[in-house]
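Asker: My questions will all concern the structure given below.
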Amino acid sequence: MNMIKINPTNASRLSEVDFDNIPFGKVFSDHMFTATYEGGQWKDFTIEPTRNINVHPAMMALHYGQSIFEGMKATVDQDGTPLLFRPEKHIERLNASARRMCMPDFPRDVFLDAIHTLVDTDRDWIPPQEGSAMYIRPFMFATDEYIGVTASKNYKFMILTLPVGPYYSKPVSLKVERKYVRAVRGGVGEAKTCGNYAASLLPAKLAVEEGFDQVMWMDAHEFKYIQEVGTMNLFFVFKDRIVTPATDGAILKGITRMSIIDYLKGEGHDVQEYPLTIDEVKEAYKKGELVEAFGSGTAAVIANISRIKDTDIDMKFDESHWELSKSVKAFINGVRIGKKADKYGWIVPVKEQVEKS
Ligand SMILES: *Cc1c(COP(=O)(O)O)cnc(C)c1O
């Protein structure tokens with residue numbers, strides 16, 4: 001049974017899009033999914049043409065920041081079947097973010113049904129070129145018209161999709177951030193909530209002005225433990241083991257991160273999660289025992305790190321010959337297009353639900 005009402009466009013914009021040249025984040029597929037939370041329940045599940053929405057200037061999300069999101073991707077296999085990557089992990093994380101921000105859970109079954117139906121409806125928007133994908137952006141925000149700090153009673157949940165070209169992840173240079181923090185233990189760092197990204201903009205801008213790509217966040221209490229970078233988790237490959245900082249409540253629990261851990265363990269590597277200090281990384285670097293370092297996230301999958309600068313050291317890496325990060329990326333990207341066996345059960349083919357005329 002499908003509770004989702006489909007209201008298809010009669011003016012597709014697909015022919016206006018050049019799949020070989022898609023500006024990232026600006027081109028939206030024909031349809032969006034919307035749902036409304038009112039009177040304590042989710043209702044009005046609709047797929048309709050992507051359009052502007054009307055909001056009251058006192059809409060609470062604008063004032064008090066109850067707003068969360070997810071980011072995931074659909075790809076196509078050799079036969080053109082759209083594939084989703086661990087969609088159930090994304091609804092779990094969305095609801096974890098919702099609980100932290102005092103927002104209602106979104107029903108898991110409706111979420112999965114909505115993703116399948118929306119991706120199927122706009123399946124022709126998934127660029128078939130290798131490395132390209134459809135980026136899926138589910139999000140939820142408070143809609144009460146009210147001035148006053150309290151949890152909103154009403155919400156909207158929506159899903160937008162965007163065709164995106166091959167994400168060329170150039171190696172990133174990082175500045176160890178010694179002044180600002182991204183998240184604190186007990187705060188909202190583990191939630192994919194808007195304010196976290198707003199808070200990161202100024203330190204990121206200052207780092208860019210100093211010639212870096214991004215900042216490497218440290219723990220807010222001692223500036224001793226490594227957290228993460230932008231929208232990526234971090235991995236450090238030492239001579240005898242691979243370490244990623246343990247998620248401590250302040251680090252976003254990346255789904256790419258958990259997939260990489262599974263893959264590396266499956267390949268027989270010693271993968272460890274613990275509170276990793278920047279000092280340990282520096283020591284290993286000085287001894288020549290830091291072999292690779294990379295970030296992981298849905299957008300880039302893997303981005304190698306070319307430089308980490310702290311006040312007392314400027315660590316530079318020649319990442320051109322790194323094998324491990326390359327193999328991780330090749331595996332995940334291969335699985336995403338059905339070229340490599342889905343050993344870990346990450347892939348969910350999109351169910352065909354829409355009769356094409
Ligand atoms: C989304 C995000 C990540 C990466 O998560 P994935 O599920 O792998 O895409 C890492 N850090 C932050 C702060 C994020 O917002």
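The values are calculated or read from the model by the stated rules, or taken from the named source; none is laboratory data. Worth saying up front: this structure is predicted, and the values here are computed from it rather than measured. Backbone-built Cβ (ideal geometry, glycine too); neighbour counts: all protein chains shown. Surface areas here come from the heavy atoms of the whole protein model, side chains and all, with no ligands, DNA or RNA. Shrake-Rupley method; radii C 1.70, N 1.55, O 1.52, S 1.80 Å.
Asker: Within the chain, what is the longest stretch that has no GluC sites (Glu not before Pro) placed in a DSSP loop and near at most 14 other beta-carbon atoms within 10 Å? Intermediate results must be reported in sequence, preceding the final value.
Answerer: Values: sites that count: Glu130, Glu210, Glu222, Glu267, Glu289, Glu323, Glu352, Glu355.
In the chain, the maximal stretch lacking such sites is 1-129.
Asker: What is the percent carbon and sulfur in the accessible area of region 1-159, measuring with a 1.4 Å probe over the protein chains and ignoring ligands?
Answerer: Within region 1-159, the accessible surface is 49 percent carbon and sulfur.
Asker: Given a Förster radius of 45 Å and the C-beta distance between Asp240 and Glu145 as r, what FRET efficiency does 1/(1 + (r/R0)^6) yield to the nearest 0.05?
Answerer: Working: r = 58 Å, r/R0 = 1.30.
Between Asp240 and Glu145 the formula returns 0.15.
Asker: Could I ask something else about it? With a ≥ b ≥ c the root eigenvalues of the C-alpha gyration tensor of region 177-239, is it rounded (a/c under 1.5), prolate (a/b larger than b/c) or oblate? Don't skip to the end; give the middle numbers.
Answerer: Working: a/c = 1.45, a/b = 1.03, b/c = 1.40.
In terms of gyration-tensor shape, rounded.
Asker: Using 7 Å Cα-to-Cβ label points, what is the Gln129/Asp44 separation (nm, one decimal)?
Answerer: 3.8 nm
Asker: Using the eigenvalues of the Cα gyration tensor, what equivalent ellipsoid semi-axes result for region 51-205 when each is taken as the square root of five times the eigenvalue, whole Å, largest first? List each step's numbers first, then the result.
Answerer: On the way: eigenvalues 164, 106, 41 Å².
Equivalent ellipsoid of region 51-205: 29, 23, 14 Å, largest first.
Asker: Post the alpha-carbon centroid distance, region 271-345 to region 84-105, in whole angstrom.
Answerer: 27 Å
Asker: Here's something else I'd like to know. Solvent-accessible area per residue for the chain at a 1.4 Å probe radius, Å²? Could the numbers behind the result be given before it?
Answerer: Working: 16470 Å² over 357 residues.
I get 46 Å² per residue for the chain.
Asker: Along the Cα→Cβ direction, 7 angstrom out, place labels at Leu206 and Lys253. What is the inter-label distance in nm?
Answerer: Reported label-point gap for Leu206 and Lys253 is 3.2 nm.
Asker: For the chain, give the magnitude of the charge dipole about the Cα centre (Cβ charges: +1 Lys/Arg, -1 Asp/Glu; no others), in debye to the nearest 20.
Answerer: Details: 44 positive and 49 negative charges, 72 e Å.
For this selection, approximately 340 debye.
Asker: What distance in nm separates the two pseudo spin-label positions at Asp18 and Arg137, each 7 Å out from Cα along the beta-carbon direction?
Answerer: 2.2 nm
Asker: Tell me, what is the FRET efficiency for Lys26 and Asn52 to the nearest 0.05, using R0 = 22 angstrom and their Cβ-Cβ distance as r? Walk me through the numbers before you get to the answer.
Answerer: On the way: r = 15 Å, r/R0 = 0.69.
In this case the efficiency is close to 0.90.
Asker: For the chain, what is the calculated [θ] at 222 nm in deg cm²/dmol (nearest 500), taking -39500 (n - 2.57) for each run of four or more DSSP H residues and dividing by its residue count? Don't skip to the end; give the middle numbers.
Answerer: On the way: 7 runs with 83 residues, N = 357.
For the chain, the value works out to -7000 deg cm²/dmol.
Asker: Moving on. Residue separation times 0.36 nm, minus the C-alpha to C-alpha distance between Tyr197 and Glu92: what's the value?
Answerer: Working: separation 105, 0.36 × 105 = 37.80 nm, distance 2.05 nm.
That works out to 35.7 nm of additional length.
Asker: So, one more: Could you please state how large a percent of the accessible area of region 172-321 is carbon and sulfur, counting protein chains only and using a 1.4 Å probe? Could the numbers behind the result be given before it?
Answerer: Numbers: 3130 of 6200 Å².
Exposed carbon and sulfur together represent 51 percent of the surface.
Asker: For the chain, report the translational diffusion coefficient in µm²/s to the nearest whole number, using Stokes-Einstein at 25 °C, 0.890 mPa s, and a Kirkwood Rh over Cα pairs. Present the calculation step by step, with values, prior to reporting the outcome.
Answerer: Values: Rh = 21.6 Å.
Roughly 114 µm²/s, to the nearest whole number.
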